[in-house]
Amino acid sequence: MIDFLKRFSRNRGALIGALILITVVLLAVFAPLIYPDSPWKMVQRPFLPPFSTEGLPLGTDTLGRDVAAGLVYGARVSLIVGLVSTLVALLIGVPLGAFAGFYGGLIDDGAMRFTEFFQTIPNFALAIVLVAILEPTLPTITLAIAIVSWPPVARLVRAEVLSLRKREFVEAARLAGLSNTRILFGHVLPNAMSPIIVMASLMVATAILLESSLSFLGLGDPNIMSWGYMIGAARTVIRSAWWLSFIPGVAILLTVLALNLIGEGLNDALNPRLARKGR
Amino acid sequence: MTLAAAIFGRAAKAVTTLLLIVILNFFLIHAAPGDPAMVMAGEAGAADEQFIQQLREQFGLDQPLYVQFWNYVSGVVQLDLGYSYRQQMPVLDLILDRLPATLLLTMTAFGMSLLLGIVFGMAAAARQGKWGDTAITSMALLFYATPLFWVALMAVVLFSVKLGWFPAFGYESVGAEFTGLDMVLDRLKHLFLPALTLGLFFMAIYVRMTRSSVLEVSQMDFVKTARAKGLAEGTIRRRHILRNALLPVVTLAGLQAGQLVGGAVLTETVFAWPGIGRLMFESLTARDYNTLLGVFLVSAAMVIAFNIITDIVYRLIDPRI
Amino acid sequence: MEPVLSIRDMAISLPPGADRDFAVQDISFDLNAGEILCVVGESGSGKSMTANALMGLLPDQVEVARGTAHFEGRDIMALPESERRKLRGDRIGMIFQEPMTALNPLMRIGDQITEVFEAHNRHSPSERREKALALIREVGLPDPDKIIRAYPFQLSGGQRQRAIIAMALALDPAILIADEPTTALDVTTQAQILDLIKTIQQRHGMAVMFITHDFGVVAEIADRVIVMRYGEIVEHGTASEVLENPQHAYTRALLKAIPTDSVPTPDPVTAPPVLEVRNLRKTFVTSGGFFRPTRSVTAIDGVSFSIARGEVLGIVGESGSGKSTVGRAIVRLVEADSGEVILDGQDMNALSASELRSARRRVQMIFQDPYASLNPRKKILHALSEGPIVQGVAKDRAHARARELLEIVELDAGAAERYPHEFSGGQRQRIGIARALAMDPDLIIADEAVSALDVSIQAQVLNLLRDLQKRLNLSLMFITHDMRVAAQLCDRVAVMQHGKLVEIGPVAEVFLSPKADYTRSLLAAVPGTDWLEGAA
């Protein structure tokens, strides 16, 4: 563990990423304390540019709502959807991939056909169709994103398990009379954790991008302020007030970038043998 | 296995996949709140109970589910994707009308991103650890983290609104009636920004993939054999490293095809590009489910076709299969 | 004799953080024209680094810190990279250890050979093709017209090594550097490749620098020998001097560690059998789905034998002979197609999955790869006690027994609380033995249990195994490709080829008066046989 932290903190990008992410998380958690009022509330004249009015550091949007408040509340949706959809995707992908890789044969064939099918469907299009038809709410959006993101998890876990189950220590466990479940959960999966963790951190980033894309298209929960919605709503006024689209985009960019940097840091720290040489 | 057999096998698989998507579509329609007749009535602007009942009978919605299912599936097999009340046109005609624009956009973006991705990825790998590598990988990391629709909007702000270099939307200049070379130039000008913004994200992926693949292959034993022969570094890189390193990139590019179509929805929406992505957005806002699901099916078919092409390319590069 | 290459005071530095500062420290030696110089040492001795340094192919961050290497009137260490590149493949050729990965998988063999001419601007394209064909013929590859168009995956390991030798020979170099070129090969293939290297060395009058860890190979081909340890030369001399009259203690230890061909006469076995294998069969079928033809490989083809209580049965054979599959089929890591595996009157193959789980205790395995045989995330105590606990032994007792076993395999009892990565390969193999003993089995199957170890470590682990076997009256099935190791440890030996048992009998009989032709050819192929027989 200490080794891991040492290796992780040696990666400057990963540290910066962690710093950005912690800031975003703190803002999201304390949003109601920073802005007790609803982010939908009109507070001033519309179209106030940033840094022009005291108390409204980022100005107001097309309907006179506080942009800074929107950003802070938007962080909550992004993080929740990113995290929960990743968890759900892991809940689908890890068992499926693990059973496919561990038991092989027909189970593997069936599970992989199923995964391949979902991987063939254009994932963003599927997410659009699902959310559109099930009506956009926070749970349907999260579920739709999870449904389109689990196939790579299943493939990764299957590949890891396939190579691990032929390792000699797994065969030794088999010879000791351990049950399949005990071998899978006690010996195989723990050794597949590092790549799963790395992938999960990158999936949160992708999920945030997906969520913002959906709400940009108008497929966000109409009761919840989100970054994608803010950009979508400001799109029509892009010629006169470009900063209204610019600011939430930077928020998405920074958050996603932070998660990617953390993912790379985790990858280097958890798989030291693959770490870049010459540094 | 021969190439012909492989293609046949892929085609058989593709048909199965498409059939499954059709089935999925059918269940999605029935999962939507309210039955299709009510949606259709809403589209047609009338909502009285009698009219809805009439619609139900006309489209067989009063029949048992399995009959409806059979009707739907056999319809799609005969290329009947339903009727769009909103646009007053069969869905298939709508899509065929819009498909060329999407193909042009996605293929341009794909070619551009793959070419640049491989070139930059190789350049980064060759300068591993030096500032050139850092610059390229940082750029890739940045584009990888940027929302596509936002890049598109910012490109409009910068290149159309502020600089006026490229048109902000559309497929051609309205009312200009260009002919010959002028028309081509006009189209290219319109194509540039959408293709660029769509391609940047994918370029970032290919840069990262190419770089790590080149670095991995560079460590392999046969590269050392090549050095022991006294080959020049350039020859080794070109002949031994690149070809082996490209195999995983080709596989990845095939898998990314689906995302390319998804990205097209966003780019076409921002640039009002008259393709099926834009059509999807329009049908979304109009709650035109027949069109929505039709586009979904066709985009899946595009992805499958693309996967088959990548498969063939892979077989041409790798003698082992 | 005139040296072709003179190395003086050469040192190769390792990157910071390595286990030592220099891979090779201040070594000096000559390579004479027309001789085969063997550089011998265990892993980490710096022998491969020396070869790579001469070639200019050191890995990143590993550098020649000082020293000179004079070749054809110039110090090659002082040459710029462009000049060194001209030497590579032209004046100095090199062949490598892993023929399976040393060829570009996407390029035809012919193109990979002609590339050498191209790199040095020799001949026209059509001449290059003719020369490539001639080279393919010279290294003894069959059907040159076909081979020139073949891809590496269509060739066997031995054939690939021949192709690589052809490339190294292409421009008739003055020096051929061979870095463990036969280590990855089967013993009969090894003998052929050694033969080939000797033949071409004589025909071309080259100087060969041959890196190896195997004194048998040294005895087979060396004119002169250098013994290296921890980056230093500890002994050098002619082959007969070093082999017959070693001066340095390390060389003597290494030579002593080599299993000899002198066959011990074991006591005749009278005990009842603990294991009986009857007519075991296994065919692997790879189904290709719709459009691929199904391929099948017969791994075990009607094998029968028995092992008596307290007996050591060796199963020897080359790769692909099915020897490992037999071991795995007995413990049902592989399900046999038919046949009986009778353990104390009970047919293992007839057991249901749940019956099998409790019956598994009775046969345990010791595995080949010390780095893959222990779960990297579990402490040693866990590795040694998990099995017994699952089989119903009380936790305290299992833990106490685990500590006891660590002492039995001559490890510190504190080892129990540590993780696998803190141990060396030899120590891990001891832990593997302890793990097998922990289950209190009726039979232990050791599958190439010492093959991955250096000679000196190998000897220690073998000694331990022999000791334990005597002391605990263990029944042991010892699977190995190494005839000498088998001779040392086993009471009886079974020889396998293509899934069949071609010969089985007491060690002395099988080794001294083999009945099957295959056994004879296998024995003849073992390098250094004449030398060892002379010594014995």
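The values are calculated or read from the model by the stated rules, or taken from the named source; none is laboratory data. Only a predicted model underlies this, so the values are computations on that prediction, with no experimental measurement involved. Virtual Cβ from ideal backbone geometry, glycine too; neighbours counted across all protein chains shown. Just so you know, the surface numbers come from the protein's heavy atoms only, side chains and all, with ligands and any DNA or RNA stripped out. Shrake-Rupley method; radii C 1.70, N 1.55, O 1.52, S 1.80 Å.
So the values come out like this:
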{"item": "Area hidden from solvent between B and C (accessible, protein heavy atoms only, 1.4 Å, total, Å²)", "result": "2300 Å²"}
{"item": "Whole-angstrom gap from region A:29-75 to region A:120-176, using each part's C-alpha centre", "result": "38 Å"}
{"item": "Per DSSP, loop GluC sites (Glu not before Pro) in region C:26-114 with at most 14 further Cβ within 10 Å", "result": "C:GLU72"}
{"item": "Estimated FRET transfer efficiency (C:SER424, C:GLU335; beta-carbon r; R0 30 Å; 0.05)", "result": "0.30"}
{"item": "Alpha carbon Rg of chain C, scaled by the compact-globule rule 2.2 N^0.38 Å", "result": "1.06"}
{"item": "Kyte-Doolittle mean at least -1.0, axial Cα span of 30 Å or more - DSSP H helices of chain C", "result": "none"}
{"item": "Rounded percent of accessible protein surface that carbon and sulfur make up, chain B, 1.4 Å probe", "result": "66 percent"}
{"item": "Tensor-based shape of chain A (alpha-carbon gyration tensor, a/c under 1.5 rounded, otherwise prolate or oblate)", "result": "prolate"}
{"item": "Cut-off under 5 Å, modelled amide H: who pairs with C:ILE445 long-range", "result": "C:GLN364, C:MET365, C:ILE366, C:MET477"}
{"item": "Anisotropy class of region B:113-267 from Cα gyration tensor, a/c 1.5 cut", "result": "prolate"}
{"item": "Computed FRET value (nearest 0.05) for C:LYS470 with C:ALA353, which takes r as the C-beta separation and R₀ as 35 Å", "result": "0.45"}
{"item": "Rounded to 10°, Cα long-axis angle of helix B:49-58 versus longest principal axis of chain B", "result": "60 degrees"}
{"item": "Estimated buried accessible area (total), pair A and B, 1.4 Å, Å² to nearest 100", "result": "4200 Å²"}
{"item": "Cut-off 17 Å, label 7 Å out along Cα→Cβ of A:THR23, residues of region A:213-253 by amide N", "result": "A:247-253"}
{"item": "Residues in region A:113-139 reached by a label modelled at A:ASN223 [backbone nitrogen below 15 Å; 7 Å Cα→Cβ]", "result": "A:135-139"}
{"item": "Estimated buried accessible area (total), pair C and A, 1.4 Å, Å² to nearest 100", "result": "2000 Å²"}
{"item": "Sulfur and carbon atoms: percent of accessible area, region C:361-482 [1.4 Å]", "result": "45 percent"}
{"item": "Chymotrypsin sites (Phe, Trp or Tyr not before Pro), loop per DSSP, at most 14 other Cβ atoms within 10 Å - longest free stretch of chain A", "result": "A:52-279"}
{"item": "Radius 11 Å from Cβ of A:VAL198, net charge of other residues (Lys, Arg +1; Asp, Glu -1)", "result": "-2"}
{"item": "Neighbour-limited loop hits for chymotrypsin sites (Phe, Trp or Tyr not before Pro), region C:1-77 (at most 16 other Cβ within 10 Å; DSSP other than H, G, I, E, B)", "result": "none"}
{"item": "Highest-fluctuation residue, A:ASN267, A:ASN123, A:ASN223 considered, GNM on chain A with Cα pairs under 10 Å", "result": "A:ASN223"}
{"item": "Distance between modelled label sites at B:LEU79 and C:TYR230, nm, 7 Å Cα→Cβ extension", "result": "8.0 nm"}
{"item": "Solvent exposure of the protein assembly as shown as accessible area per residue, Å², 1.4 Å probe", "result": "43 Å²"}
{"item": "For C:CYS38, distant residues with modelled amide H under 5 Å away", "result": "C:PHE210, C:ASP223, C:ARG224, C:VAL225, C:ILE226"}
{"item": "HN-Hα J in Hz across region B:305-321 - Karplus 6.51, -1.76, 1.60, θ = phi - 60°, x for Gly and Pro", "result": "4, 5, 4, 5, 4, 4, 4, 5, 4, 4, 5, 5, 7, 9, x, 6, 8"}
{"item": "Projected-area average for region C:346-441 over all orientations - Cα convex hull basis, square nanometres", "result": "6.4 nm²"}
{"item": "Amide H contacts of C:GLY89 (H built 1.01 Å from N, under 5 Å, at least 5 apart or other chain)", "result": "C:MET94"}
{"item": "Rg ratio (alpha-carbon, reference 2.2 N^0.38 Å) - region A:117-196", "result": "1.54"}
{"item": "Residues in region B:101-125 that a label on B:GLU172 would reach, taking backbone N under 13 Å of a point 7 Å out along Cα→Cβ", "result": "B:101"}
{"item": "Distance between modelled label sites at B:VAL119 and A:ILE16, nm, 7 Å Cα→Cβ extension", "result": "2.7 nm"}
{"item": "DSSP-defined antiparallel bridges as percent of all bridges, the protein assembly as shown, nearest 5", "result": "60 percent"}
{"item": "Simple label model, 7 Å out from Cα along Cβ direction - C:SER319 to B:ARG320, nm", "result": "1.4 nm"}
{"item": "With every protein chain in place, region C:5-75: carbon and sulfur % of accessible area (1.4 Å)", "result": "45 percent"}
{"item": "Overall Cα dimensions of the protein assembly as shown - principal axes, largest extent first, Å", "result": "105, 75, 60"}
{"item": "Qualifying trypsin sites (Lys or Arg not before Pro) for region C:84-169 [loop in DSSP, other Cβ within 10 Å: at most 12]", "result": "C:ARG149"}
{"item": "Span from the region C:317-348 Cα centroid across to the region B:302-321 one, whole angstrom", "result": "41 Å"}
{"item": "Chain-alone versus full-assembly comparison, region A:168-197, residues with accessible loss of at least 40 Å² (1.4 Å probe)", "result": "A:GLU168, A:PHE169, A:GLU171, A:ALA172, A:ARG174, A:LEU175, A:ALA176, A:GLY177, A:LEU178, A:ARG182, A:HIS187, A:ASN191"}
{"item": "Region C:34-153: proportion of alpha-carbon pairs further apart than 24 angstrom, %", "result": "41 percent"}
{"item": "Residues of region B:152-189 buried by at least 30 Å² on assembly (accessible area, 1.4 Å probe, chain alone as reference)", "result": "B:LEU153, B:MET154, B:VAL157, B:VAL161"}
{"item": "Region C:387-536: equivalent-ellipsoid semi-axes (sqrt of 5 x gyration tensor eigenvalues, Cα, Å)", "result": "34, 18, 13"}
{"item": "Helix runs (DSSP H) in chain A reaching 27 Å along axis by Cα, Kyte-Doolittle at least 1.6", "result": "A:67-103"}
{"item": "In Å², nearest 10: area of C:HIS204 left accessible to a 1.4 Å probe", "result": "60 Å²"}
{"item": "Values of log10 I(q)/I(0), in the order q = 0.15, 0.24 Å⁻¹, for region C:1-92 under a Debye, Cα-only, solvent-free model", "result": "-0.58, -1.40"}
